[in-house]
Amino acid sequence: MDIEETRIYKRYQSLVGSYQVAESRVSEPSQVTLSEILDKYDAFCFDGYGTLYNRGDFVYPGAMEWYRTLRAAGKYLRLVTNAASNTDDFLAKDAAARGFDFTAEETISSGSLLADLTRGKSVGVFDFAGFAGENRRSLEENIREVYYIGRDTGVNVLAQAGIAAAENPVDPVVAVSSFTATDEMFNHSVEILRRPGALLLVLNPDAWAPKIDGSRSAVSGTLAERLRVASGCRTCYLGKPFPAIWEKVRASLPSGSRVLMIGDTIGTDVYGAKVAGFDSALVVGRNVPEESLASDEAALGLRPDYYLVPG
């Protein structure tokens, strides 16, 4: 992992703090195919980008076979994604266009938590970093405008929560769901976030993500961290690895379901599964290159239960 990436994911661990997290296995994770663990779990959660597919119509080798095997076996499936680029129904259709027919009800994104937040619902035991309890309720129910950094379609996520994108929002709030910030946008965001009572909404906490060609690049979580450091603002994180999204996943499944989370990132998918109390399977070679696997696990003090391979 990049040094900055490691620091961000270590910070996420510190923010989860005192919440109960399952202990990492001390034994070597097993390298398995899906068929070898099929009967151990009732529900399978998949990360999307970097695990099943990537930009455009790219589908990773073995991903479609995993999906079809689980559908044929009648397992409960969930797409659990930090993508906050559109609403859950659109994200489900986007996955279906690649051949993964998740329904909107089976799709749980970090962006969907924003509407829960602004409508006064409880979205988990950890929502805000650094907020005093007396400040939370008034803030989460009164966000109406934000300075937005992300894909154009992300305004649908904001609209679903009753929020508009504005160049100079009435309240000093910046929302980030991608890395698409020019120097001018970055500087304007910092100016907003240095105002009294400012809030940074991190709609997608992913720090780095894999590209189709095998390279990796910084994404929204890294931009958000740079904004936080530059401004000293208060911050709200939605999505993996934080507890709220896992509570939404659990509530969508039958009580007592045995759940496996399958993803490509140690800091969000593997750690997030441990926050949830789920087992985890890491797909190596996407966001975690095989040559850096041991050092990445050591840096975060985390190991999955399995390394999942096609077959």
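No lab work stands behind these numbers, since they all come straight from the coordinates. Bear in mind the structure is a predicted one, so any value in this text is a computation, not a measurement. Don't worry about glycine lacking a Cβ; one is built from the backbone with ideal geometry, like all the others, and counts go over all protein chains shown.
Highest mean first, what order results for 67-75, 245-253, 281-289 on Cβ atoms within 10 Å?
Values: 67-75: 13.8, 245-253: 18.1, 281-289: 23.0.
Per-residue Cβ counts within 10 Å, averaged per peptide and sorted highest first, yield 281-289, 245-253, 67-75.
Using 0.36 nm per residue, how much length does the chain from T103 to D213 gain when fully extended, once their Cα-Cα distance is taken away? The T103-D213 span can extend by a further 36.7 nm. Between V309 and T180, the contour length at 0.36 nm per residue exceeds the alpha carbon distance by 43.2 nm.
Taking the square root of 5 times each eigenvalue of the Cα gyration tensor, what semi-axes in Å does the equivalent ellipsoid of the stretch 164-211 have, largest first? Each step should come with its number before you reach the end.
Details: eigenvalues 88, 29, 19 Å².
Over the Cα atoms of the stretch 164-211, the semi-axes work out to 21, 12, 10 Å.
Which entries in the list K40/K93; K248/K274; K40/K211 go over 22 Å, if you measure between the two C-alpha atoms of each? The pairs that break the limit, which is 22 Å between Cα atoms, are K40/K93; K40/K211.
Against the empirical 2.2 N^0.38 Å (N residues), the stretch 31-99 has a Cα radius of gyration ratio of 1.13. Peptide packing: for 7-13, 274-280, the average count of neighbouring Cβ atoms within 10 Å per residue gives the ranking 274-280, 7-13, highest mean first. Spin-label pair A73-A251: with each label point 7 Å from Cα along the Cα-Cβ axis, the two points sit 2.8 nm from one another.
Taking label positions 7 Å along the Cα-Cβ direction at both E28 and A159, the computed distance is 5.3 nm, reported to one decimal.
How much of the calculated P(r) for the stretch 186-311 lies past 24 Å, in percent of all Cα pairs? Walk me through the intermediate numbers first.
Values: 3036 of 7875 pairs.
Tail fraction, whole percent: 39.
Kindly provide the pair-distance distribution of the stretch 151-257 built from C-alpha pairs, with 10 Å bins from 0 and whole-percent values in order of increasing distance. Going out from 0 Å in 10 Å bins, the stretch 151-257 shows 13, 40, 32, 12, 3 percent.
Per-residue Karplus couplings for the stretch 173-190, computed as 6.51 cos²θ - 1.76 cosθ + 1.60 with θ equal to phi - 60°, are listed in order as 10, 10, 10, 10, 9, 7, 9, 7, 10, 6, 4, 5, 5, 4, 5, 5, 4, 4 Hz, Gly and Pro entered as x. The calculated FRET efficiency for M64 paired with S14, based on their beta-carbon distance and R0 = 35 Å, is about 0.40.
Once the Cβ-Cβ distance of N142 and R55 is raised to the sixth power relative to R0 = 30 Å, the FRET efficiency obtained is 0.25. The alpha carbon convex hull volume per residue for the chain rounds to 125 Å³.
Modelled this way, with points 7 Å down the Cα-to-C-beta line, the labels at R258 and D39 are 1.0 nm from one another.
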